[in-house]
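As structure tokens, the structure follows; a few thoughts come after it.
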Amino acid sequence: ERAATVLSEAVERGRAAGERIVTADASVALSDIRFHRATIGREAVVRELDDAISVFEELGDDAGLGRALALRGRLRLWRGEAAAAIEELERAAGYAHGVGDWAQHAHSLQYVLVATFFGPTPVVDALARVDEVGSRAEGNRRLEVIVLVMRARLEAMRGRFDAARDLASKGRRMGEDLGLGVLLVAQVISSAGFVEL
């Protein structure tokens, strides 16, 4: 609630001051919060994102573009539009990389892998994408864990269960070493369960 209040104030003050980038950036973050709290619908968020993206493109704010496209890509994924999501998330990762926003870069690439796995991508092609994203992890250990567990899931889909178990175990050990509590439960342990199923 506090974050939503602060961001609402930022949007209002940005508008009053004629600061379009500040307004657009705060609007993207506020939309994300409102969507996750179910106080705004998907269509309203997409409209706000489209408006913000137009501002970022017009004024050349690549960092803002990276954040807005990442959210729009996740919304597409959650709606079941995996191919479109991958395209948007790749664009988001590119913008984030260009401005050195490594956290956003890794987050976008994580969702590229999720969309690849849950979408219509054939397993062999998905494995190639996992390798390609892994080469772009740039020392981000959290993303490396996601790469391992996604590869484990895909290897299981190929019937290579020993390899899949080894990858899931390696991902779990790495996640534990890094102290990735929520990520560990959400991705690593569920991936180990997926392998066994």
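Provide the packing ranking of 173-181, 153-161, i.e. peptides ordered by the mean count of other C-beta atoms within 10 Å per residue, highest first.
Numbers: 173-181: 14.4, 153-161: 17.1.
Per-residue mean Cβ counts within 10 Å order the peptides as 153-161, 173-181.
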Quiz item: Suppose R0 equals 35 Å; then what is the FRET efficiency for residue 62 and residue 162 from their Cβ-Cβ distance, rounded to the nearest 0.05?
Solution: 0.20
Quiz item: Over the Cα atoms of the chain, what is the Rg over Rh ratio if Rh follows Kirkwood?
Solution: 1.02
Quiz item: Across all directions of projection, what mean area in square nanometres is found for the Cα convex hull of the range 1-113?
Solution: 6.7
Exercise. Compute the separation of the alpha-carbon centres of the range 85-132 and the range 144-197 and state it in Å as a whole number.
Key: 18
Practice problem: Pick out which of 74, 20, 91 has the largest mean-square fluctuation in a Gaussian network model of the chain, springs linking Cα atoms closer than 10 Å. | Solution: 20
Quiz item: By how many degrees, between 0 and 90 and to the nearest 10, does the Cα long axis of helix 20-36 differ from the longest principal axis of the chain?
Solution: 50
Practice problem: As a check on your grasp of the helix formula, calculate [θ] at 222 nm for the chain: sum -39500 (n - 2.57) over DSSP H runs of n ≥ 4, divide by the residue count, round to the nearest 500. | Solution: -26500 deg cm²/dmol
Quiz item: Working out 0.36 nm times the residue gap between residue 186 and residue 15, then minus their Cα-Cα distance, what length gain in nm do you get to one decimal?
Solution: 57.7 nm
Quiz item: the range 15-80: percent of C-alpha pairs farther apart than 13 Å?
Solution: 59
Exercise. Give, as ranges by residue number, the residues of the range 30-59 whose backbone N falls under 15 Å from the point 7 Å along Cα→Cβ of residue 4.
Key: 30-42, 45
Exercise. Using only Cα atoms, figure out Rg for the range 72-149 and give it as a multiple of 2.2 N^0.38 Å.
Key: 1.00
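Since every read-out is calculated from the coordinates, none of them should be taken as a lab result. From a predicted model like this one, the values you see are computed outputs, not experimental measurements. Because the Cβ atoms are built from the backbone with ideal geometry, glycine has one as well, and the counts that use them run over all protein chains shown.
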